[in-house]
Amino acid sequence: MKTLAQILAFSLMVVGGYSWFSNSIPQLRAEPPSEESVSLEGMTMESFVALGQTIFEGKGTCPLCHNAVGHRAPLLVEAGSDGPPVAARAPSRLADGRYHGTASKPEEYLRESMVSPSAFVVEGFGKPGTGDSVSPMPDVSAGSIKLSPVEIDAVIAYMQSAAGVDITVPLPTEAVETAESAPADEGAVKDMGALAEKYECKLCHIVPGVDMAGEAPDMGPDLNGLKRYAKGAPDKLPLREYLRLSIVEPNRHVAQGFEPDTMPPDFADRMRVSELDLAVESLARAAEGGK
Ligand code: HEC
Ligand code: HEC
């Protein structure tokens, strides 16, 4: 009789086969290089809002956490269980007794939320154990997201537009240098540092052997903790199989103390086979106490 591990190993081969197939199709890119200079000529508030949406969904990686599926962060541009879109609920944040930032206008609240997220932590969304005093959100003007002040203004314009409130940010006065689209895929990355950056692992995890630039994200478990699986992972899976499964099907085993639906479920479609192998090998070695 087949063991569970064998069955899982088989289903992983199927998943692996699919991603090999999709990755083997050469990537056709109609897009120009990602660094673009958006000219001021003809820049209207409408096009500034559109730029903001592109940054929000692309370089800013905002929907990675702010989405309805995992709901690990409040919704920003749609109404829902968190109330109206964030630009419309900003005044109520400023009036909240727990607010201790320096903003006095809704626009300033939005900017402050992006660059010093702990100034106000939405109830129930703080880092575990901090009593909602520390935000798990990174400063988006630094680290691997690194939005410029103009890019942050564009994102604010987009959030205000989505909420149907007045757009209060000024149009930029100099040509905007911005990454309009996500960086072009130049092929498989070759080291774990680049991988953790490309797939944003380091926005949620401390990744062993990777320069975290002083950040200690904890939306997901510290991957140094994988050492505890060195002698046997959950479901009696061999370490590498467990790691592979954790990456391509994150909801199959939900690490203790964490919620399902937080980690993106589509790495099997987005990663190349060599990249998945690289991630598994790198994490496995770290867990086994090697490099
Ligand atoms: C790694 C996860 C993560 C990413 C990426 C992220 N956020 Fe957040 N954000 C959160 C969490 C969690 C909260 C709730 C805790 C808090 O109030 O800081 C939050 C709160 C906010 C708030 C305040 C919401 C409110 O209801 O008052 C704003 C505004 C915001 N984020 C904007 C953004 C924007 C814009 C981006 C992209 C440029 C972004 N965030 C990227 C996790 C994230
Ligand atoms: C948006 C946040 C987020 C991103 C991005 C993310 N993860 Fe996760 N990850 C989580 C959360 C939350 C868990 C715990 C819940 C679960 O097991 O699904 C987790 C679990 C894991 C686990 C299992 C840990 C354990 O203790 O069992 C591994 C391995 C892992 N992630 C690797 C990665 C890698 C590699 C990447 C990048 C390719 C990545 N993650 C990207 C949030 C994230």
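Using the Karplus curve 6.51 cos²θ - 1.76 cosθ + 1.60 with θ = phi - 60°, work out ³J(HN,Hα) for each residue of the stretch 42-49 in order, rounded to whole Hz, and write x for Gly and Pro.
x, 6, 10, 4, 4, 6, 5, 4
What list of ³J(HN,Hα) couplings, whole Hz, do you get for the stretch 255-263 from phi and the Karplus terms 6.51, -1.76, 1.60, once you set θ to phi - 60° and write x for glycine and proline?
Those phi angles translate into 4, 4, x, 10, 9, x, 6, 9, 6 Hz.
Please report, to two decimal places, log10 I(q)/I(0) for the stretch 88-202 at q = 0.11, 0.14, 0.17, 0.22 Å⁻¹ as given by the Debye formula with identical point scatterers on the Cα atoms and no solvent.
Cα-only, vacuum Debye calculation for the stretch 88-202: -0.47, -0.73, -0.98, -1.27.
Among 256-269, 274-287, how do they line up by average Cβ neighbours within 10 Å per residue, starting with the highest?
Peptide ranking by packing, descending: 274-287, 256-269.
Could you give the distance between the Cα centres of the stretch 183-232 and the stretch 104-164, to the whole Å?
If we compute the Cα centre of each part, the gap is 23 Å.
Which residues' amide hydrogens lie under 5 Å from the amide hydrogen of residue 134, considering only partners 5 or more residues apart or on another chain, with H built in the peptide plane?
Amide H to amide H, under 5 Å and 5 or more residues apart or across chains, residue 134 pairs with 127.
Can you return the aspartates and glutamates within cross-link range of residue 190? Criterion is Cα-Cα under 15 Å, with same-chain partners fewer than 8 residues away left out.
Filter leaves 275, 277, 281.
FYI, it's all coordinate maths here, none of it is from the lab. This is a predicted model, so every value here is computed, not measured. When we count neighbours, we look across all protein chains shown, and the Cβ atoms used for this are built from the backbone with ideal geometry, even at glycine.
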